[in-house]
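Engineer: Structure incoming, see below.
The values are calculated or read from the model by the stated rules, or taken from the named source; none is laboratory data. This is a predicted model, so every value here is computed, not measured. Virtual Cβ from ideal backbone geometry, glycine too; neighbours counted across all protein chains shown. Note: accessible area is taken over every heavy atom of the protein model, side chains too, but ligands, DNA and RNA are not part of it. Shrake-Rupley method; radii C 1.70, N 1.55, O 1.52, S 1.80 Å.
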Amino acid sequence: MNQISFQYPYLLLLLLVIVLLILYRIYFDKQINARMLYSDTSQFEGARKTLRLRLRLLPDILRYLAVAVLIVAIARPQTHFSKDEKSIEGIDIVFALDVSTSMLAEDFKPNRLESAKSVIERFINARTSDNMGIVVFAGEAYTKCPSTIDHNILLQLLSATESGEIDDGTAIGDGLATAINRMKDSKSKSKVIILVTDGVNNMGAIDPLTAANIAKEYGIRVYTIGIGKMGYAPYPYQTPFGKQYQNVEVKIDEPLLKEVAKATGGKYFRSTENSSLKAIFEEIDKMEKSKIDVSFYREYTDVGQKLILVVLALLVVEVLLRKTILRTNP
């Protein structure tokens, strides 16, 4: 339901100024107007009032109205919609995405990171009722987007994710632990972490298997994805002569990723191209969905600026009337 509120409602008390202006017009304005005295007014009896005479107060009314609208404008009126609640069926999902510099290797086009982001984006768009979040990790981990049903903001933050945001390295355990922390209190029947990495755990304070056991305790399934082709991959680096490439060896700790997935009832997938990720989507689609109570709110829209335009229009009309058809002498 559309509603109107004011950011500074106490400023509406200034509308009493309009009352003072009207009183001034009635009781005191006559003192500054010229007078003409007649000994006999019978000649004016029966005279019809012209349209110009009937509209003589219109400029004053327009001025009072402009002042009133200005006061309302500075009180900052805002429109918004009331709270809307509904139940949806979905799964709680958190993506744990590796953003280490090795994800810039170009065995995927344009590179591993952009390819993974593109696949995640399509996955998000296909699952409109799931509660989703994003955790990114390299040498450390942090929450890029808390779990939300608002997929628009989720996609915006995913699009803005880049390599180099945090210290380099591959802290798989920290990334997994951060994702667990985002969903451990969820009441959903199905809770999933999708961990995407192209490397070997070499940093972090938490061992990946320890994090996997914690996930199991909270009933969270972890699906792990090793991204990158076998052997060597072209990796870009900057030189004084521009971008150059060198082949780097692809090292993915597949035994570790398989063990993490197995410990939580999930699965491990090796992705050598975008199409190979379809299997994980089909697997998650089979999981039991839970009803989630979701509250939707509309953002406030400030309409004060539009009212300023109304004030200017009223003042322009008032001035034009005073200088033209409703001009008075003196």
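Engineer: Could you pull out the pairs from LYS187/LYS229; LYS189/LYS229; LYS189/LYS251; LYS117/LYS191; LYS109/LYS216; LYS109/LYS184 whose alpha carbons sit more than 32 Å apart here?
Structural biologist: Working: LYS187/LYS229 38 Å; LYS189/LYS229 35 Å; LYS189/LYS251 35 Å; LYS117/LYS191 21 Å; LYS109/LYS216 35 Å; LYS109/LYS184 35 Å.
LYS187/LYS229; LYS189/LYS229; LYS189/LYS251; LYS109/LYS216; LYS109/LYS184, as the Cα separations exceed 32 Å there.
Engineer: Assuming 0.36 nm per residue, please report the length gained on full extension of the stretch MET230 to VAL319 beyond their Cα-Cα distance. Display every interim value, and only then the final one.
Structural biologist: On the way: separation 89, 0.36 × 89 = 32.04 nm, distance 7.90 nm.
Full-extension gain reported as 24.1 nm.
Engineer: Given +1 on the Cβ of Lys and Arg, -1 on the Cβ of Asp and Glu, and no further charges, what dipole in debye does the range 99-233 carry about its Cα centre, rounded to the nearest 20?
Structural biologist: Dipole about the Cα centre, nearest 20: 700 debye.
Engineer: When the scattering of the range 93-210 is computed by the Debye formula from its Cα atoms alone, each counted once and equally, what is log10 I(q)/I(0) at q = 0.15, 0.18, 0.19 Å⁻¹?
Structural biologist: -0.61, -0.88, -0.98
Engineer: Here is a further query. Sequence-distant or interchain residues sharing an amide H contact under 5 Å with ASP107, placed H: which?
Structural biologist: ARG112
Engineer: Can you give the Rg to Rh ratio for the range 163-256, taking only C-alpha atoms and Rh from Kirkwood? Walk me through the numbers before you get to the answer.
Structural biologist: Details: Rg = 16.4 Å, Rh = 15.2 Å.
Looking at the range 163-256, the ratio lands at 1.08.
Engineer: How large is ³J(HN,Hα) for each residue in the range 244-260, as worked out from phi by the Karplus curve 6.51 cos²θ - 1.76 cosθ + 1.60 (θ = phi - 60°), to whole Hz, x for Gly and Pro?
Structural biologist: These are the phi-based 3J(HN,Hα) values: 10, 10, 9, 7, 10, 6, 8, 10, 10, 7, 4, x, 5, 5, 5, 5, 4 Hz.
Engineer: Please give the peptides 152-162, 192-202, 254-264 ranked by average Cβ packing (other Cβ atoms within 10 Å per residue), highest first, as a rough proxy for protection.
Structural biologist: Details: 152-162: 14.9, 192-202: 23.7, 254-264: 18.7.
Most protected by this proxy first, the peptides run 192-202, 254-264, 152-162.
Engineer: Could you work out how far the C-alpha centroid of the range 150-201 sits from that of the range 214-282, in angstrom?
Structural biologist: Using only Cα atoms, the two centres lie 14 Å from each other.
Engineer: Along the charge dipole of the range 93-240, which of LEU113, ILE194, GLY139 sits closest to the positive end, that is, farthest toward it, with unit charges on the beta carbon of Lys, Arg, Asp and Glu (+1, +1, -1, -1)?
Structural biologist: ILE194
Engineer: Can you give the accessible area per residue of the range 75-229, in Å², using a 1.4 Å probe?
Structural biologist: Numbers: 6140 Å² over 155 residues.
Solvent-accessible surface per residue comes out at 40 Å².
Engineer: Moving on. Starting with the highest mean, order 305-317, 112-124 by the number of other Cβ atoms within 10 Å, averaged over the residues of each peptide.
Structural biologist: Working: 305-317: 14.2, 112-124: 20.2.
Descending mean neighbour count gives 112-124, 305-317.
Engineer: Taking θ = phi - 60°, what integer Hz values does the Karplus form 6.51 cos²θ - 1.76 cosθ + 1.60 yield along the range 156-163, in sequence order, with x for Gly and Pro?
Structural biologist: Working through the residues one at a time gives 5, 6, 5, 4, 7, 6, 9, 6 Hz.
Engineer: I've got another one for you. I want to make sure I understand the PRE zone here: with the label point 7 angstrom from the Cα of ASP207 toward its beta carbon, which residues in the range 153-187 have backbone N atoms less than 13 Å away?
Structural biologist: Answer for the range 153-187: 173.
Engineer: Now for a separate question. If amide hydrogens are placed 1.01 Å from N in the peptide plane, which non-local residues have theirs closer than 5 Å to the one on GLY266?
Structural biologist: For GLY266, the qualifying residues are VAL222.
Engineer: Non-local amide H neighbours of VAL99 (under 5 Å, H modeled in plane, Pro and chain starts lacking H): which ones?
Structural biologist: PHE137, ALA138
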